[in-house]
Amino acid sequence: MTSTTAEIAATAPGERVIGDTVLAVEGLETVFYTRAGMVRAVDRVSFSLRAGETLAVVGESGCGKSMTALSIMRLIPDPPGRIVGGKVVLDGTDLLQLSEPEMRKMRGNRVSMIFQEPMTSLNPVLTVGRQISQALMMHQGMSRAAAMERAIEMLRLVKVPEPAQRVKEYPHQLSGGMRQRVMIAMALSCNPRVLVADEPTTALDVTIQAQILDLILELQKKLGTAVILITHDLAVVAETAQRVIVMYAGRKVEEATVEELFTHPRHPYTRGLMASIPRLGLMRSQAAQTGGRLQEIPGMVPPLFDLPEGCAYAPRCERADDHCRAEYPPYEEKRPAHWTACWHADD
């Protein structure tokens, strides 16, 4: 057991001891050049991540969560996309300054990613054992035989039954839950410092979702990996993360610890997300207030090529006034370690 692993041997996510900073993202900017004009998919996003910590990134589809993750991994398609500013510092190395061959040595080795849909992420013409072993042969210098043995161990670690048989099978022969476990095994095979999990339970049924999330946390505890968990499910955030970033239209609008965010949400968008969660004990009062319907945030995330002046959330916000519509609010610390960008955060 490494010293980092020993540091995080606590029982519950909220009680886990967190280590030193392993990843620092500073002013990250990613743009896409489209026929409609330049689109800022990631707009000056900054955050840090510490060893053994789970940082959740939440927001509706189109808010920039996955683009932030792909920018960290330097997987933005160029053209039409390009990372035009900022730093992504992993253990003192700025990933944005590396050449592509140097980045390939980091990707899958020091920083790994679990993608949303394993069926489209896994190679359909290679066995899962071959796909796991390729990373080990490339980054760890293992022989093919040793890498295949390690692949079997990784499948056993992620609780795939009959791992010696599964390494010989192709993705289409496995269930959705099994394919996601293969993706986790592949991502963790080289013991990365940072794991980016981009909605790892998408398209899985509720029982399998719980198993996958428990598995990621269990492996994090064993390996000491720092996790960026991208999700739109606030219930998942409450159970798995220590800190939360809320994104809207490519920007951070709020950041706090899980306890602080759920207790004192400051941004109207965050409050809207909270209010839209069905709560078993409050169903009757919710139904009485809303005529039997769940509360919802009106409207949609605006297209990034046509953002309104001022606050991007203003067209959907019941608190918006002329100040909101004219000027974007500064990103300020409203409570200790609780940051938000809203003119009415103190109301």
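So, Arg110, is that one crowded, with 18+ Cβ neighbours inside 10 Å and touching a helix residue (DSSP H, G or I) at 6+ places or on another chain (Cβ under 7 Å) or not? Before you say what the answer is, go through the steps one by one.
Values: crowded, with 18+ Cβ neighbours inside 10 Å: yes; touching a helix residue (DSSP H, G or I) at 6+ places or on another chain (Cβ under 7 Å): no.
When the stated conditions are applied, Arg110 does not pass them.
Collect the residues in the range 304-318 that are touching a residue at least 40 places away in the same chain (Cβ under 8 Å), exposed (fewer than 14 other Cβ atoms within 10 Å of the Cβ) and in a loop (DSSP other than H, G, I, E, B), keeping them in residue-number order.
Correct list: Glu318 only.
Keeping to the range 150-198, report how many residues are among the small types (Gly, Ala, Ser) and more than 30 Å from Ser48 (Cα to Cα).
So in the range 150-198, the residues among the small types (Gly, Ala, Ser) come out as 151, 164, 175-177, 185, 187, 189, 197.
With the extra rule that they be more than 30 Å from Ser48 (Cα to Cα), the set shrinks to 151, 164, 175-177.
Going through the range 150-198 one residue at a time, the tally reaches 5.
Hey, could you check the range 109-126 for residues that are assigned to a loop (DSSP other than H, G, I, E, B) and under 16 Å from the mean Cα position of the chain (by Cα) and say which is modelled with the lowest pLDDT? Break it down stepwise before answering.
Step one: of the range 109-126, the residues assigned to a loop (DSSP other than H, G, I, E, B) are 109-110, 115-117, 122-126.
With under 16 Å from the mean Cα position of the chain (by Cα) added as a condition, the list becomes 115-117.
Working: Phe115: 86, Gln116: 79, Glu117: 76.
Ranking the qualifying residues of the range 109-126, first place goes to Glu117.
Would you please list the contacts, defined by Cβ atoms under 7 Å and residues six or more apart or on different chains, that run from a residue in the range 142-157 that is without any contact (Cβ under 8 Å) to a residue 60 or more places away in the chain and β-branched (Val, Ile, Thr) to a residue that is crowded, with 19+ Cβ neighbours inside 10 Å and not in a helix (DSSP H, G or I)?
What qualifies is Ile152/Val167.
Looking only at residues in the range 30-57 that are out of contact with any Ser or Thr (no Cβ under 6 Å at 6 or more places or on another chain) and outside any strand (DSSP E or B), which one is farthest from Val246 (Cα to Cα)?
Applying the filter and picking the extreme gives Arg35.
Quick one: how many residues across the range 127-157 are more than 19 Å from Arg110 (Cα to Cα) and in a helix (DSSP H, G or I)?
The initial filter retains those residues of the range 127-157 that are more than 19 Å from Arg110 (Cα to Cα), namely 127-130, 143-146, 148-149, 152-153, 155-157.
Narrowing further to those that are in a helix (DSSP H, G or I): 128-130, 144-146, 148-149, 152-153, 155-157.
Counting residues in the range 127-157 that are more than 19 Å from Arg110 (Cα to Cα) and in a helix (DSSP H, G or I) gives 13.
Quick check: anything in the range 8-26 in a helix (DSSP H, G or I), under 20 Å from Ala249 (Cα atoms) and modelled with pLDDT of 95 or more?
As a first pass, look at the range 8-26 and keep what is in a helix (DSSP H, G or I): 13-15.
Cutting the leftovers down to under 20 Å from Ala249 (Cα atoms) gives us none.
Within the range 8-26, none of the residues are in a helix (DSSP H, G or I), under 20 Å from Ala249 (Cα atoms) and modelled with pLDDT of 95 or more.
Go through (1) farther than 19 Å from Thr270 by Cα; (2) open to solvent by less than 20 Å² (accessible area, probe 1.4 Å); (3) modelled with pLDDT under 90 for Leu195 and report which single condition fails.
(3)
Scan the range 158-190 residue by residue and report those that are open to solvent by 50 Å² or more (accessible area, probe 1.4 Å) and either in a helix (DSSP H, G or I) or within 20 Å of Ala69 (Cβ to Cβ) (or both). Before you say what the answer is, go through the steps one by one.
Taking the range 158-190 and keeping what is open to solvent by 50 Å² or more (accessible area, probe 1.4 Å), we get 159, 161-162, 164-166, 168, 170, 172-173, 175.
Within the range 158-190, Ala164, Gln165, Arg166, His172, Gln173 qualify.
Which one is surrounded by the fewest Cβ atoms within 10 Å (Cβ to Cβ), of the residues in the range 83-101 that are of a type in the set (Val, Ile, Thr) and under 20 Å from the mean Cα position of the chain (by Cα)? Walk me through how you get there before you give the answer.
Filtering the range 83-101 for residues of a type in the set (Val, Ile, Thr) gives 83-84, 88-89, 93.
Filter once more, so that each one left must be under 20 Å from the mean Cα position of the chain (by Cα): 83, 88-89.
Working: Ile83: 20, Val88: 21, Val89: 18.
If we take residues in the range 83-101 being of a type in the set (Val, Ile, Thr) and under 20 Å from the mean Cα position of the chain (by Cα), then Val89 is surrounded by the fewest Cβ atoms within 10 Å (Cβ to Cβ).
Of all the residues that make up the range 128-157, how many are open to solvent by 60 Å² or more (accessible area, probe 1.4 Å) and touching a Pro at 6+ places or on another chain (Cβ under 7 Å)?
Selection size over the range 128-157: 1.
Scanning for something over 14 Å from the mean Cα position of the chain (by Cα), at pLDDT 85 or above and surrounded by 22 or more Cβ atoms within 10 Å (Cβ to Cβ), does the range 227-242 turn up at least one residue?
Looking through the range 227-242, none of the residues is over 14 Å from the mean Cα position of the chain (by Cα), at pLDDT 85 or above and surrounded by 22 or more Cβ atoms within 10 Å (Cβ to Cβ).
Restricting to the range 198-226, and then to whatever is of a type in the set (D, E, K, R) and farther than 23 Å from Ala147 by Cβ, can you tell me which residue is modelled with the highest pLDDT? Outline the logic, then answer.
At the first step, the residues of the range 198-226 found to be of a type in the set (D, E, K, R) are 198-199, 205, 214, 218, 221-222.
Filter once more, keeping what is farther than 23 Å from Ala147 by Cβ: 198-199, 205, 214, 218, 221.
Details: Asp198: 91, Glu199: 87, Asp205: 77, Asp214: 85, Glu218: 84, Lys221: 84.
Here the residue is Asp198.
If I filter the range 321-341 down to residues being part of a loop (DSSP other than H, G, I, E, B) and open to solvent by 20 Å² or more (accessible area, probe 1.4 Å), which single residue comes out as farthest from Ser46 (Cα to Cα)? Step through it out loud before you land on a result.
Residues of the range 321-341 part of a loop (DSSP other than H, G, I, E, B): 321, 327-331, 336-337, 341.
Checking the rest, the ones that are also open to solvent by 20 Å² or more (accessible area, probe 1.4 Å) come to 321, 327-328, 330-331, 336-337.
Details: Asp321: 27, Glu327: 21, Tyr328: 17, Pro330: 14, Tyr331: 11, Pro336: 17, Ala337: 14 Å.
Going through the qualifying residues, I end up with Asp321.
The values are calculated or read from the model by the stated rules, or taken from the named source; none is laboratory data. The shown structure was predicted, so the numbers you read here are calculated from the model rather than taken from an experiment. Neighbour counts run over all protein chains shown; Cβ positions are idealised from the backbone, glycine included. SASA here: full protein model, heavy atoms, side chains in, ligands and nucleic acids out. Shrake-Rupley method; radii C 1.70, N 1.55, O 1.52, S 1.80 Å.
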